[in-house]
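Structure first, commentary second.
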Amino acid sequence: SQQGEEDPQALSIQEGENATMNCSYKTSINNLQWYRQNSGRGLVHLILIRSNEREKHSGRLRVTLDTSKKSSSLLITASRAADTASYFCATKNNNAGNMLTFGGGTRLMVKP
Amino acid sequence: DVKVTQSSRYLVKRTGEKVFLECVQDMDHENMFWYRQDPGLGLRLIYFSYDVKMKEKGDIPEGYSVSREKKERFSLILESASTNQTSMYLCASSLGWRGPYEQYFGPGTRLTVT
């Protein structure tokens, strides 16, 4: 079942602007991950944040996690046309073995 | 780098045919997964395997079976393909129970059943 729900479903911005995507989930988690998918391709892992972490950075990516609100956000700073893709959050739930539960994704379009 | 390969990028089959989708990973990962991805429904887990010859049903196993005879290879089988199985199929792998659990995906197979 889909636990993570991304918001917004679609986002269109100009190159150079920041893009923020949000993810909400329902059960307690071990970690939360963000993935990127270019059109018609497989998913690529971007960043993982553990349940005891509040913020994590990787290049132009910044992820926050608020376990009290069961939510996470992915910020892409200084966006580029090449960032155009779908972005998915995925949760590793405490009672779900090695499985991840993926959300429906946010489609990001960055206009040059 | 982890590499996950899938046997076909595009596949067209007829209703009632038996279909095999193959996935191979080269990083000695214990876990392997099969998902299908449909517009508006995100990724849904069909089956996963945590070891050779071991398998667990995911959220939507009906109409599918799997085989894992070797650690690096995980096959998805559609016993009798139906039009509602037209979809993008994604294979993934990850390390075992020790984590850290990020999954590595293949490029996907877009299956059309006519």
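The values are calculated or read from the model by the stated rules, or taken from the named source; none is laboratory data. These numbers were taken from a predicted model, which means no experiment stands behind them. Because the Cβ atoms are built from the backbone with ideal geometry, glycine has one as well, and the counts that use them run over all protein chains shown. Surface accessibility is based on the protein's heavy atoms, side chains included, excluding ligands, DNA and RNA. Shrake-Rupley method; radii C 1.70, N 1.55, O 1.52, S 1.80 Å.
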Given the conditions (1) within 26 Å of B:D38 (Cβ to Cβ); (2) within 14 Å of another protein chain (Cβ to nearest Cβ); (3) assigned to a strand (DSSP E or B), report the number of the one that A:M109 does not fulfil.
(2)
Subset of segment A:1-51, residues within 11 Å of chain B (Cβ to nearest Cβ), open to solvent by 40 Å² or more (accessible area, probe 1.4 Å) and in a strand (DSSP E or B), comes to A:E5, A:N30, A:R36, A:V44, A:H45, A:L46, A:R50
Only one of (1) more than 8 Å from chain A (Cβ to nearest Cβ); (2) at pLDDT 95 or above is not met by B:L95, so which one is it?
(2)
Single residue of segment A:64-97 satisfying the filter (touching a Gly at 6+ places or on another chain (Cβ under 7 Å) and farther than 17 Å from A:N52 by Cβ) that is surrounded by the most Cβ atoms within 10 Å (Cβ to Cβ)
A:C89
Restrict the check to segment B:25-37 and report whether at least one residue is more than 14 Å from chain A (Cβ to nearest Cβ) and over 11 Å from the mean Cα position of the chain (by Cα).
yes
Out of all the residues in segment B:38-54, which are within 14 Å of another protein chain (Cβ to nearest Cβ) and either in a loop (DSSP other than H, G, I, E, B) or over 11 Å from the mean Cα position of the chain (by Cα) (or both)?
B:D38, B:P39, B:G40, B:L41, B:G42, B:L43, B:Y50, B:D51, B:M54
Return yes when A:R54 is within 11 Å of chain B (Cβ to nearest Cβ) and out of contact with any Phe, Trp or Tyr (no Cβ under 8 Å at 6 or more places or on another chain) and no when it is not.
no
Give the residues of segment B:1-10 that are aliphatic (A, V, I, L, M) and open to solvent by less than 30 Å² (accessible area, probe 1.4 Å), sorted by residue number.
B:V4
Please count how many residues of segment B:20-36 are surrounded by fewer than 20 Cβ atoms within 10 Å (Cβ to Cβ) and in a strand (DSSP E or B).
3
Answer residue from segment B:55-90, given it is open to solvent by 40 Å² or more (accessible area, probe 1.4 Å), in a strand (DSSP E or B) and farther than 19 Å from B:R9 by Cα and is nearest to the other protein chains (Cβ to nearest Cβ) among those
B:E56
